[in-house]
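Chemist: Dumping the structure here so I can ask a few things about it.
Derivation of every value follows stated rules applied to the coordinates shown; laboratory data play no part. Computed from a predicted structure; not experimentally measured. So basically every Cβ, Gly included, is an ideal-geometry build from the backbone, and we count neighbours across all protein chains shown.
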Amino acid sequence: MNTTLSGNGIRELALVTPGMPASDGDGVRMTRIIGTPELNMLDPFLLLDAFGSDSPQDYIGGFPSHPHRGFETVTYLLAGRMRHKDNAGNEGVIEPGGVQWMTAGRGIVHSEMPEQENGLLMGFQLWVNLPARAKMTKPGYQEYPPAGVPLEQREDGTQVRVVAGTTSEGTTGAVKNDWVKPTYLDVTLPAGLSFEQAVGAGDNTFLYVIEGELLVGGLQKLLAHRTLGILGRGDRVQVGSPSGARFLLVSAQPLNEPVARGGPFVMNTRDEIIQAFDDYRHNRF
Ligand code: FE
């Protein structure tokens, strides 16, 4: 699909996918939504995983020590606790409503382990690509507790947790980005209300419904619970929900650069991937 054209107006639903069951790390079961054969990427978003289970065997193995290079990982938790630790000396526990934004840059080795032995663990991990000029930048790490993620409380009862970017009412997220600057909102919409957000006309934009269902765009197409909707062209997102909904709205300008993937590394060329494996093997991360 051509997502580079600009346009004005309300964005309509262009593609819907529920993702597919996947397993990663040490046997963590999740739904992979972006980064599948059906939806390889949505430039600059390389991957979106949704994890959510109250069975410890689905998550207890966590994601033991592993490397990344060339992009950023964003973990946003809805339930449970996860401990992050990396070889740049960063360590922290994310709690529901908290976010961890890691810039792997030229290389980082980290682990992401559940800080719980039972109960519900639920959240998302999004991979945001870095432009060619920043792939070898210094690794970075930002972590915000739930109280550090601005909450916009609208008069009509709508709540917007602003992970990144700025809402149409002017609330700006906690995360500071030097490269790709996504908008990342977690919106709770009471029954019968509608919600609007301005987005860049050239952005790639998706919605993911966490709870309830959404009516998307002027045509009011239905986006169901636990599905991802990619939006078509326009400079405004407009959604409604007859029975109430909670959803993510994520949007960013595409990089339009070549993408070479090799497991945990995402570069621009095959040679750079080979170099990444070689650097990791020889402890140059
Ligand atoms: Fe990781």
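Chemist: In the Gaussian network model of the chain, springs joining C-alpha atoms below 10 Å, which of M113, M20, M102 carries the largest mean-square fluctuation?
Modeler: Most flexible of the set in this elastic network: M20.
Chemist: Taking neighbour counts of Cβ atoms within 10 Å as a proxy for exposure, in what order, fewest first, do L47, L39 appear?
Modeler: L39, L47
Chemist: Say each of E115 and I274 gets a label point 7 Å from the Cα, pointing the same way as Cα to Cβ; how far apart are those two points in nm?
Modeler: My value for the distance between the label points is 4.2 nm.
Chemist: Please give the helix 270-281 orientation as an angle from the longest Cα principal axis of the chain, in degrees from 0 to 90, rounded to the nearest 10.
Modeler: Once rounded, the angle reads 60 degrees.
Chemist: Just want to confirm a number: the relative contact order over the range 13-281, from Cα pairs under 8 angstrom separated by 6+ residues, in percent.
Modeler: 18
Chemist: Let's test the formula: R0 of 22 Å, r as the Cβ-Cβ distance of Q159 and E196. What FRET efficiency results, to the nearest 0.05?
Modeler: The computed FRET efficiency comes out at 0.90.
Chemist: Please work out whether the range 72-157 counts as rounded, prolate or oblate from its C-alpha gyration tensor, where a ≥ b ≥ c are the square roots of the eigenvalues and a/c under 1.5 means rounded, while otherwise a/b larger than b/c means prolate and anything else oblate?
Modeler: oblate
Chemist: Counting only C-alpha contacts under 8 Å and six or more residues apart, can you give the relative contact order of the range 136-253 as a whole percent?
Modeler: 27
Chemist: Given R₀ = 41 Å, FRET efficiency for D54-L15 by Cβ-Cβ distance, to 0.05?
Modeler: 0.85
Chemist: Take K138 and R81, extend 7 Å from each Cα along the Cα→Cβ direction, and tell me the distance between the two endpoints in nm.
Modeler: Reported label-point gap for K138 and R81 is 3.1 nm.
Chemist: Can you give the translational diffusion coefficient of the range 196-239 in µm²/s, computed by Stokes-Einstein from the Kirkwood radius over Cα pairs at 25 °C and 0.890 mPa s?
Modeler: Taking Rh from Cα pairs, D becomes 229 µm²/s.
Chemist: Using alpha carbon coordinates only, what is the Rg to Rh ratio of the chain, with Rh defined as the Kirkwood radius?
Modeler: Reported Rg/Rh (Cα atoms, Kirkwood Rh): 0.95.
Chemist: Compute, for the range 148-285, the length of the dipole vector about the Cα centre, with Cβ point charges of +1 (Lys, Arg) and -1 (Asp, Glu) only. Units Debye, rounded to 20.
Modeler: 260
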